[in-house]
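The values are calculated or read from the model by the stated rules, or taken from the named source; none is laboratory data. None of the values given here were measured: they were computed from a predicted structure. Cβ coordinates were reconstructed from backbone atoms using ideal geometry, including for glycine residues, and neighbour counts include every protein chain displayed. Heavy atoms of the whole protein, side chains included, go into the accessibility calculation; ligands, DNA and RNA do not. Shrake-Rupley method; radii C 1.70, N 1.55, O 1.52, S 1.80 Å.
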Amino acid sequence: EEADLGGGAFVTPALSRPSIEKADVAIRPAGPADLPACADVWQVSISDYLRRLNQPEVMTNLDTLVELLGHLRATDPELFLVAERTTSDATGEAGRVVAFASATQREHVWFLALLFVEPALQGRGLRGQSWRGPIGSCPTR
């Protein structure tokens, strides 16, 4: 059964969602112009989570978050990635950022700092699909 997210948006439980095809998204390094879209993905994802906990939604002024994301991108640009739709369907238009990830590396230590996926695409296999390339190249010891 679908969950009503308001505003005409519905989310299908993860177990019954079809996998997203690798050809439907492209993982690429984020550019400065992508940061507002990343902030939007963060906001819709966090708000969806908080709504399920009966908590108020998060802030609507995302300027500070865009600044933080800009810092993360400037610090480790090759490890700040976006997933962009390559096809259009009910979950969005081609060319739209639908997820982002940021990893941080200091010498031989790295960690995944952020990974946010739009609620409509969560549970469809995007998380593990193509992030492994650039992020997987971080040293493991």
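For this structure, a couple of remarks:
- Residues located in region 99-116, provided they are under 14 Å from the mean Cα position of the chain (by Cα) and over 17 Å from Leu65 (Cβ atoms): Ala103, Leu112
- Test: residue in region 30-43 that is touching a helix residue (DSSP H, G or I) at 6+ places or on another chain (Cβ under 7 Å), over 19 Å from Ala120 (Cβ atoms) and part of a loop (DSSP other than H, G, I, E, B): yes
- Of residues in region 57-96 being open to solvent by less than 10 Å² (accessible area, probe 1.4 Å) and assigned to a strand (DSSP E or B), the one modelled with the lowest pLDDT: Arg85
- In region 33-51, the residues that are of a type in the set (D, E, K, R), within 14 Å of Arg96 (Cβ to Cβ) and open to solvent by less than 40 Å² (accessible area, probe 1.4 Å): Asp34
- Residue selected from region 22-32 under the condition closer than 15 Å to Ala101 by Cα and open to solvent by 40 Å² or more (accessible area, probe 1.4 Å), by the criterion farthest from the chain's Cα centre (by Cα): Pro32
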